[in-house]
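Undergrad: Have a look at this one.
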Amino acid sequence: MQAEIGLIGLGTMGANLALNIAEKGHDIAVFNRTTAKTGTFFETAGDLREKILPCTTIEEFVQAIRPPRPIILMIMAGDPVDEQIDILRPLLSREDIIIDAGNANFRDTIRRTLTLEGTGLQFIGMGVSGGEVGARHGPSIMVGGAEASYKRVEPVLLDIAAQYEGDPCCAWLGENGAGHFVKTIHNGIEYADMQMIAEIYGIMRDGLGMSAKQMAPVFAKWNQGRLDSYLVDITARVLDTEDAETGQPIVDIILDRAGQKGTGRWSAIESQQIGVPATAIEAAVAARSLSALKAEREAAEQAYGRTSPSVERSDAFLRELELALLAGKIAAYAQGFAVMSGASQDYRWNLPLPEIARIWRAGCIIRSQFLTTIATAYDGASAETNLLMVPAFVEMMQETQGALRKVVARAATAGLPVPALSSALSYFDMYRQGRGTANLIQGQRDFFGAHSFERIDKPGAHHGPWGITQL
Ligand code: 6PG
């Protein structure tokens, strides 16, 4: 037999994606640079083995796929992808499609698309979210590249994607880097979501003096309401889990230093690049970087003293925390969607925002009830509309902003860090301020650099009567 599709890279994500493809009835050829891994993968594939062609050389792998060949790369992002493409190129034929399913930087995806243009080969940059379980049983799939190339692999992708009430969470989002860009922003939002949850946890732990065991049911309860989401669900589970060695809540044993592989940072960089503020995402990235400064933080705690529980614990305050998290989430998603809308114009992708919200409803890490509200809200709105101006969200923000204000103020007075929540609040407050304070910035710029300013009462560029500047 010849396989319908091939996959290179049998790490956790690749192996699970291959099993998913095989399980959905598609014959798949697999290859891994370390041959032993291919052997182990095949031996443990059970009944699915009849759908899998394990290959030990790259030549054998290419020959095992029926042309025109779709080949998924699930390998480490960056140079390894370029190296793999270079190895494959001489072995492939016209119309074969290379599909990069890793967490690539969308700029690399655009470059690779351009490099392969004119060679007869096609390139797809595909964001895949959902971690190990998602890859195995249904991830959310964000595709970028030529639409005709997508159409050729669409049947397989729709089969393996997560389903939300019967709708597959997979879509073609635009040319070249569109899919990887959207995956990057997905991860930026993921960072903001996780950071805001962690900040609420911090208030509960250090402000209210709650134990992990006491917090778990609170998050579990929130997961029954408007915060219903995968991340809130796993937060409750993490808080409820005990360390096997010590019997302590595992969260108390885990070192407070968060890793990051780059996609969150790219979201912040790209938002700055196109001039669309994404302050909650930036704060979340910065918080991870600060978390890495463990020794410095410990020294600073010695110098400045430790925050002791000083916030009164009550059901009413826990309710404020829930609403504050919802308000922060609205602002963070508004930022993420605004960045996608801005990039869509800059890169001429025509990103379908309601469709993006729809394919994030299941399979991916930020899946939630909230995304259904976004999808529905965007259906009637133009892609340029900030989520904060969509009627359903105006209403929700009006309801929840007071709680966000109280929680940020309370945290600030108690000395508890809430960088993402407070950035979200300041973004909202600046966004809703008809007359801001940039008039003073303009006055300063004109004073020191004759940069000119606009006036409120007549058109044109003007200068102030500053006189001679004294340095
Ligand atoms: C997903 C995840 C996944 C991974 C990222 C983020 O959507 O399945 O976003 O891609 O978790 O690599 O990882 P870091 O937190 O290490 O940056």
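The values are calculated or read from the model by the stated rules, or taken from the named source; none is laboratory data. Because the structure is a prediction, the values reported are computed rather than measured. Cβ sites come from the backbone with ideal geometry, for glycine too, and all protein chains shown count toward neighbours. With ligands, DNA and RNA removed, areas are computed over all heavy atoms of the protein, side chains included. Shrake-Rupley method; radii C 1.70, N 1.55, O 1.52, S 1.80 Å.
Undergrad: Here are I269, I254, I250: which of them is touching a residue at least 12 places away in the same chain (Cβ under 8 Å) and more than 12 Å from the ligand (Cβ to nearest atom)?
TA: I250
Each row is one residue, and each column tells you yes or no for (1) in contact with a Gly (Cβ under 8 Å, 6 or more places away or on another chain); (2) closer than 20 Å to L157 by Cβ; (3) charged (D, E, K, R); (4) buried (at least 19 other Cβ atoms within 10 Å of the Cβ).
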| position | (1), (2), (3), (4) |
| --- | --- |
| G14 | no, yes, no, yes |
| A18 | no, yes, no, yes |
| E23 | no, yes, yes, no |
| V30 | yes, yes, no, yes |
| F42 | no, no, no, no |
| L48 | no, yes, no, no |
| I52 | no, yes, no, yes |
| T56 | no, no, no, no |
| E59 | no, no, yes, no |
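Undergrad: Can you tell me how many residues within region 146-173 are assigned to a strand (DSSP E or B) and within 18 Å of the chain's Cα centre (by Cα)?
TA: 4
Undergrad: Here is a follow-up. So which residues in region 426-461 are within 30 Å of F393 (Cβ to Cβ), of a type in the set (D, E, K, R) and part of a helix (DSSP H, G or I)?
TA: Across region 426-461, the qualifying residue is only D429.
Undergrad: Quick check, is A178 within 30 Å of E4 (Cα to Cα) and touching a Leu at 6+ places or on another chain (Cβ under 7 Å)?
TA: yes
Undergrad: Additional query: Please determine, by comparing only the residues of region 126-138 that are more than 24 Å from D96 (Cα to Cα) and of a type outside the set (A, V, I, L, M, F, W, C), which one is nearest to the ligand (Cβ to nearest atom).
TA: Here the residue is S129.
Undergrad: Cβ-Cβ under 7 Å, sequence separation 6+ or interchain: first residue in region 446-463 and without any contact (Cβ under 8 Å) to a residue 40 or more places away in the chain, partner open to solvent by 70 Å² or more (accessible area, probe 1.4 Å) and among the basic types (K, R). Which pairs?
TA: H451/R445; H462/R455
Undergrad: Shifting gears a bit: What are the residues in region 418-451 that are surrounded by fewer than 17 Cβ atoms within 10 Å (Cβ to Cβ) and under 23 Å from S289 (Cβ atoms), if any?
TA: S426
Undergrad: To continue, here is another question. What number of residues in region 134-167 are touching a residue at least 60 places away in the same chain (Cβ under 8 Å) and open to solvent by 70 Å² or more (accessible area, probe 1.4 Å)?
TA: 4
Undergrad: Let me ask something else about it. Given the condition on the phi < 0 side of the Ramachandran plot, of a type in the set (D, E, K, R), open to solvent by less than 20 Å² (accessible area, probe 1.4 Å) and in contact with a strand residue (DSSP E or B) (Cβ under 6 Å, 6 or more places away or on another chain), answer yes or no: does some residue in region 94-110 qualify?
TA: Yes, there is a match, as at least one residue in region 94-110 is on the phi < 0 side of the Ramachandran plot, of a type in the set (D, E, K, R), open to solvent by less than 20 Å² (accessible area, probe 1.4 Å) and in contact with a strand residue (DSSP E or B) (Cβ under 6 Å, 6 or more places away or on another chain).
Undergrad: Now for a separate question. Restricting to region 306-322, what's the tally of residues that are in a loop (DSSP other than H, G, I, E, B), open to solvent by 80 Å² or more (accessible area, probe 1.4 Å) and not acidic (D, E)?
TA: Matching residues across region 306-322 total 3.
Undergrad: Of the residues that sit in region 373-399 and are within 28 Å of A343 (Cβ to Cβ), part of a helix (DSSP H, G or I) and among the polar types (S, T, N, Q), which one is most open to solvent (accessible area, probe 1.4 Å)?
TA: T376
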